[in-house]
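*Asks:* First, the structure itself, so that you have it in front of you.
Please treat every number below as a calculation from the coordinates, not as lab data. If you're wondering where the values come from, they're calculated on a predicted model, not measured in any experiment. Cβ: placed from backbone, ideal geometry, glycine included. Neighbour counts: every protein chain shown.
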Amino acid sequence: MLEKVSRMALLQDFYAGLLTEKQRRVFELYYDYNFSLGEIAEEYGISRQAVHDLLRRVEKLLESYEARMGLVNKFLENQKKIREVLNWLNTLPLDGEVAEIVERVTRLLHELIEVEEIN
């Protein structure tokens, strides 16, 4: 379940702006705030089944955006490449000016990872 929740969070980060306000809000309540189907249904005055159906439609919609645009996949590939570069930099012999350059590059790469993980 955690894997699905993580994937949905990434899809939401990249594509939530393409959803309607209601779709976005119901999705947030369920995935970000752990509201139950019943709680969301009560909030919107609809049935639990309607909430369930809406969530499934939004999940499929987000997956279809990803299938067409591939932003999440590209993001994950970039994260992996950045980590590979960081690992490679850690193997370099450090002395003098090279050490300073490697330290700067490493710091920038860590900042990139942090910014990307926040978004």
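*Asks:* Between Glu114 and Val5, what is 0.36 nm times their sequence separation minus the Cα-Cα distance? Round to one decimal in nm.
*Replies:* Full-extension gain reported as 37.2 nm.
*Asks:* With Kirkwood's inverse mean 1/r over C-alpha pairs for Rh, give me the Rg to Rh ratio of the stretch 2-69, two decimals please.
*Replies:* That ratio equals 0.96.
*Asks:* Charges at C-beta only: +1 for Lys and Arg, -1 for Asp and Glu. How large is the resulting dipole of the chain about its Cα centre, in Debye rounded to 20?
*Replies:* 620 debye
*Asks:* Just to check I understand the Karplus step: with θ = phi - 60° and J = 6.51 cos²θ - 1.76 cosθ + 1.60, what whole-Hz values come out for the stretch 89-105, glycine and proline as x?
*Replies:* Using θ = phi - 60°, the values come out as 4, 5, 8, 6, x, 9, 7, x, 4, 4, 4, 5, 5, 4, 4, 5, 4 Hz.
*Asks:* Further question: Reported to two decimal places, what Rg/Rh ratio describes the chain when computed on Cα atoms with Rh from the Kirkwood expression?
*Replies:* 1.19
*Asks:* Calculate, in nm to one decimal, what Ser47 and Glu63 gain on full extension: separation in residues at 0.36 nm each, minus their alpha carbon distance.
*Replies:* 3.3 nm
*Asks:* For a footprinting-style exposure proxy, rank Val26, Val5 by other Cβ within 10 Å, fewest first.
*Replies:* Sorted ascending by nearby Cβ count, the order is Val5, Val26.
*Asks:* Now a separate question. Spin-label point model (7 Å from Cα, Cβ direction): what's the Lys22 to Lys80 distance in nm?
*Replies:* 3.9 nm
*Asks:* Separate question: When Leu76, Leu37 are ordered from fewest to most other Cβ atoms inside 10 Å of their Cβ, what list results?
*Replies:* The most exposed by this proxy come first: Leu76, Leu37.
*Asks:* Provide Met69, Met8 in ascending order of the number of other Cβ atoms located within 10 Å of each residue's Cβ, fewest first.
*Replies:* Listing Met69, Met8 from fewest to most nearby Cβ atoms yields Met69, Met8.
*Asks:* Here is a follow-up. Near Lys22, which lysines are there with a Cα under 29 Å away, not counting those fewer than 8 places off in the same chain?
*Replies:* Hits, sequence-local ones excluded: Lys4, Lys60, Lys74.
*Asks:* Between Tyr33 and Trp88, what is the label-to-label distance in nm when each label sits 7 Å out along the Cα-to-Cβ direction?
*Replies:* Distance between the two pseudo-spin positions: 4.5 nm.
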